[in-house]
Structure formats: structure tokens, C-alpha cells
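Bear in mind that the values in this text are calculations on the coordinates, not laboratory data. Not measured: the values here are computed from a predicted model. Methodologically, a virtual Cβ is constructed for each residue, glycine included, from the backbone with ideal geometry; neighbour enumeration extends over all protein chains shown.
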Amino acid sequence: MLNAAPTEAELRVLLGEPLYGVWASLCALIEEKYDMDRLWDSGGKAWTYEYKYRRGGKTLCSLYAREGRMGFLVIFGKKEREKFEAERECYSEQIRKVYETSTTYHDGKWMLFEPADTSLFSDFINLLAKKRRPNKKQGE
């Protein structure tokens with residue numbers, strides 16, 4: 001657990017201005033659709049920070065930051081994988097490639113994306129909807 005969450009200025013410096021914009025846009029999109037607890041932590045060996053969206057003891061997704069790079073992690077259990085497989089052609093080639101090359105562990109398939117822009121955001125939201133229906137009404 002972190003002693004203190006990074007400031008916006010610290011994240012801007014760490015990620016760089018263009019990538020910070022992607023980070024902020026993705027967070028805003030998730031928060032527009034989901035009412036979740038948000039937790040900061042260290043990013044382990046590979047990342048500087050982890051920013052996790054959780055509710056009821058279950059993680060929806062995590063964002064990771066380190067110098068000049070960001071990650072977006074979604075873990076699919078068996079049910080989510082079955083849903084994805086049934087609709088795989090609805091996703092972009094990039095999403096399908098990450099899905100196919102991701103390792104499946106005992107607790108699910110860990111899909112780590114490293115977005116450089118907002119082009120995959122609609123696919124990201126569809127992936128999250130496989131895990132949990134959005135729980136915020138528009139305008140809330």
C-alpha cells in the first residue's frame with residue numbers, strides 16, 4: 001500500500017503529457033459508467049503505480065503507470081472468456097491479439113494492454129461490461 005497517492009503533477013511527469021491525457025480519459029470513461037472504489041498501490045517490479053477499480057472485493061480493472069508507459073489490465077474468468085469467445089469478431093484485431101497471447105492462470109486470463117491513444121476505448125468498455133454491467137446511470 002502506498003503512503004500517499006501520486007499527485008496529478010507527478011503522474012503528468014511520469015507518463016508524459018500525451019500519455020497522461022490517455023490515462024485521464026480512460027479513468028473518466030470508467031468513472032462515467034461505474035461507481036467503484038479506487039485504490040492506489042505500488043506497481044510491483046514492472047510498474048511505478050497501480051490504480052485499481054474494485055467493488056465488493058472484486059476488481060474490475062487496474063491501470064498501471066511507469067516512466068513513459070501505461071498499462072490497462074483486465075482479468076477474465078471462465079465465464080467472461082466464454083462470453084468473449086462468442087463475440088470475438090466484434091473486437092478489433094489488437095484486442096483479439098492480446099486476448100490470444102495472454103497467459104491464463106488459475107484465477108483467469110490476464111490481459112494487459114498498453115494504450116498509446118484512445119482508439120481502443122470502446123473495446124475496453126465492452127471488455128469491462130463482460131465482467132460487470134455498468135452501475136451508473138447517465139448524468140449521475
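Numbers at a glance
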{"item": "Cα-based helix-to-principal-axis angle, 78-87 vs the chain, degrees rounded to 10", "result": "70 degrees"}
{"item": "Mean Cβ count within 10 Å, highest first, over the residues of peptides 6-16, 55-65", "result": "55-65, 6-16"}
{"item": "Long-range amide H partners of G71 with built H, under 5 Å", "result": "Y64, A65"}
{"item": "Fewest-first ranking of F76, F113, using other Cβ atoms within 10 Å as the exposure measure", "result": "F113, F76"}
{"item": "Cut-off 12 Å between beta-carbons: net charge of the residues surrounding M111, Lys and Arg +1, Asp and Glu -1", "result": "+2"}
{"item": "Entries of K83/K131; K33/K78; K52/K131; K78/K131; K109/K130; K58/K136 with Cα pairs more than 21 Å apart", "result": "K33/K78"}
